[in-house]
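Student: Sharing a structure below in C-alpha cells format, with a few things to ask.
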C-alpha cells in the first residue's frame with residue numbers, strides 16, 4: 001500500500017486524541033481504514049500552565065515522542081493475540097456504539113478504570129455506563 005496516496009486530505013475521515021483515520025481509496029484494502037497512531041497526549045495543565053500527562057483526561061496537552069509507535073505496537077500485539085485464540089478482535093466495533101458523557105464504549109456499555117476526571121468518581125470493571 002502506498003501510504004503517500006492514502007494519507008492525504010481527500011481520504012481523511014476523522015482525528016481523535018490518539019489517532020487519525022483515513023479511508024483507503026483503492027487496491028487490496030479499498031474501503032477499509034488506515035489508523036495513524038499519533039504522539040498526542042492527554043492530561044491537564046498545572047497552575048503554571050505546564051502540561052501534566054494523564055490518560056484519564058480528555059484534553060490533548062502536548063506530545064510524547066514515540067507514544068504513537070508504542071500504542072500501535074500494543075494494538076497490533078493484542079489484535080494478533082486475539083486472532084490466534086480464534087477471537088475476532090473487531091467484534092466489539094461491529095456492534096452498536098454509544099458516546100455518553102465522554103465515555104466510549106460498545107455493545108455491553110461496560111467500562112473499567114479510573115473515571116474520576118469524566119464522572120467525578122472511580123468505577124469498578126464492568127460497570128454499566130449507559
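Student: Looking at the structure I just gave you, is residue 4 over 15 Å from the mean Cα position of the chain (by Cα), in contact (Cβ under 8 Å) with a residue 12 or more places away in the chain and part of a helix (DSSP H, G or I)?
Tutor: no
Student: If the Cβ limit is 8 Å and pairs must be 6+ apart or interchain, which residue in region 75-86 that is farther than 19 Å from residue 38 by Cα pairs with which residue that is modelled with pLDDT of 90 or more and part of a helix (DSSP H, G or I)?
Tutor: No pair meets every condition.
Student: Please enumerate the residues belonging to region 30-75 that are surrounded by 13 or more Cβ atoms within 10 Å (Cβ to Cβ) and out of contact with any strand residue (DSSP E or B) (no Cβ under 7 Å at 6 or more places or on another chain).
Tutor: Answer for region 30-75, where residues must be surrounded by 13 or more Cβ atoms within 10 Å (Cβ to Cβ) and out of contact with any strand residue (DSSP E or B) (no Cβ under 7 Å at 6 or more places or on another chain): 56, 75.
Student: Another question, then. Criterion first (within 18 Å of residue 4 (Cβ to Cβ) and either in the same structural domain as residue 13 (by TED's automatic domain parsing) or in contact with a helix residue (DSSP H, G or I) (Cβ under 8 Å, 6 or more places away or on another chain) (or both)) does residue 39 satisfy it?
Tutor: Values: within 18 Å of residue 4 (Cβ to Cβ): no; either in the same structural domain as residue 13 (by TED's automatic domain parsing) or in contact with a helix residue (DSSP H, G or I) (Cβ under 8 Å, 6 or more places away or on another chain) (or both): yes.
So residue 39 fails the test.
Student: Here are some conditions: (1) in contact with a helix residue (DSSP H, G or I) (Cβ under 9 Å, 6 or more places away or on another chain); (2) surrounded by 13 or more Cβ atoms within 10 Å (Cβ to Cβ); (3) free of Cβ contacts under 8 Å to residues at least 24 places away in the same chain. Residue 26 meets all but one. Which one does it not meet?
Tutor: (2)
Student: Follow-up. Between a residue in region 10-22 that is in the same structural domain as residue 42 (by TED's automatic domain parsing) and within 14 Å of residue 68 (Cα to Cα) and any residue that is modelled with pLDDT of 90 or more and surrounded by fewer than 12 Cβ atoms within 10 Å (Cβ to Cβ), which pairs come within a Cβ distance under 9 Å, given they are 6 or more apart or on different chains?
Tutor: Going by the 9 Å Cβ cut-off, the qualifying pairs are 20/13; 20/14; 21/13; 21/14.
Student: Anything in region 13-29 that is assigned to a strand (DSSP E or B) and touching a strand residue (DSSP E or B) at 6+ places or on another chain (Cβ under 6 Å)? List them, or say none.
Tutor: Residues satisfying the conditions are 13, 14, 19, 20, 21, 22, 23.
The values are calculated or read from the model by the stated rules, or taken from the named source; none is laboratory data. Predicted model, so just to flag it, every value in this text is computed and none were measured. Neighbour counts are summed over all protein chains in view; Cβ atoms, including those assigned to glycine, are modelled from backbone coordinates with ideal geometry.
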